[in-house]
Amino acid sequence: MNKSIETLLNDQIKYEANASMHYMGMASWADAAGYNGIAEFFYAQSEEEREHMTKLIKFVNERGGKVIVPAVEKAKDSYSSLNELFEDFLKSEMFVTEQINHVIYECLNKKDYNVHNFMQWYVTEQLEEEAVARTLLDKLNIIGDDKSGHYMFDRDINAIATSV
Ligand code: OFO
């Protein structure tokens, strides 16, 4: 495996790990604040990101590359509002998309079509996750400060997310 691609894949492993911890922090904050639906949503997101990390680790190993399992980054543990929470979610997904696009770009530059092909799964996944994050933030912006709206958002978050 080309060294620069290996480095980029190891960076991506770290970004997926960071996203997993970031979402764990979000889940825990929501759980403590009584938003059980939002907490479950982020616990599941955290698991998914961990799976994305593992998939990359297995792939780099299969290709004979050297995996670097990253240190855990401390997650943000306090949010001033649901809007801040979901703005962070969207920002995090947009950041990961940018990094994946960068890997794809470098794969084409280095003519590594194997990694390019593997990364297509991540492209599709990011499209979906960004769409979900945007939809949830749009709904929260409609709700504004309405407490009963927040109650219903928490109750219905999974239905909203799976309808995207
Ligand atoms: Fe790893 O899927 Fe989003 O970030």
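Data for the structure
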read-out: With Cα atoms, 0 to 90° folded angle of helix 113-143 axis to the chain main axis; value: 10 degrees
read-out: Translational diffusion coefficient (Stokes-Einstein; Kirkwood radius from C-alpha pairs) of region 57-164 at 20 °C, 1.002 mPa s, in µm²/s; value: 130 µm²/s
read-out: K66-N158 FRET efficiency (beta carbon distance; Förster radius 41 Å; 0.05 resolution); value: 0.60
read-out: Among P70, I142, V60 - extreme Cα towards positive end, dipole of the chain, charges at beta-carbon; value: V60
read-out: Mean shadow area of region 56-100 over all directions, Cα convex hull, nm²; value: 4.3 nm²
read-out: Using alpha-carbon coordinates, inclination of helix 82-109 to the longest axis of the chain, degrees; value: 10 degrees
read-out: Angle between the chain longest axis and helix 3-32 axis [Cα atoms, degrees, rounded to 10]; value: 20 degrees
read-out: Residue pairs, from the table K66/K110; K76/K147; K3/K76; K3/K58; K91/K139; K55/K111, whose Cα atoms sit over 27 Å apart; value: K3/K76
read-out: Label-point separation in nm, M94 to D138, each point 7 Å along Cα→Cβ; value: 1.5 nm
read-out: GNM top mover of I104, I142, I57 - the chain, alpha-carbon springs below 10 Å; value: I142
read-out: Average Cα contact separation per residue, region 90-140, under 8 Å, 6 or more apart, as relative contact order %; value: 52 percent
read-out: Mean-position separation - Cα centroids, region 110-162 and region 51-72, in angstrom; value: 25 Å
read-out: Rounded to the nearest 20 debye, dipole of the chain from Cβ charges on Lys, Arg, Asp, Glu; value: 640 debye
read-out: Projected label distance in nm at A131 and Y151, using a 7 Å step from Cα toward the beta-carbon; value: 3.2 nm
read-out: Candidates S28, S81, S92: whichever shows maximal mean-square fluctuation once the chain is modelled as a Gaussian network with Cα springs under 10 Å; value: S81
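Coordinate-derived values only; no laboratory data. Please read all numbers here as calculations on a predicted model, not as lab measurements. Don't worry about glycine lacking a Cβ; one is built from the backbone with ideal geometry, like all the others, and counts go over all protein chains shown.
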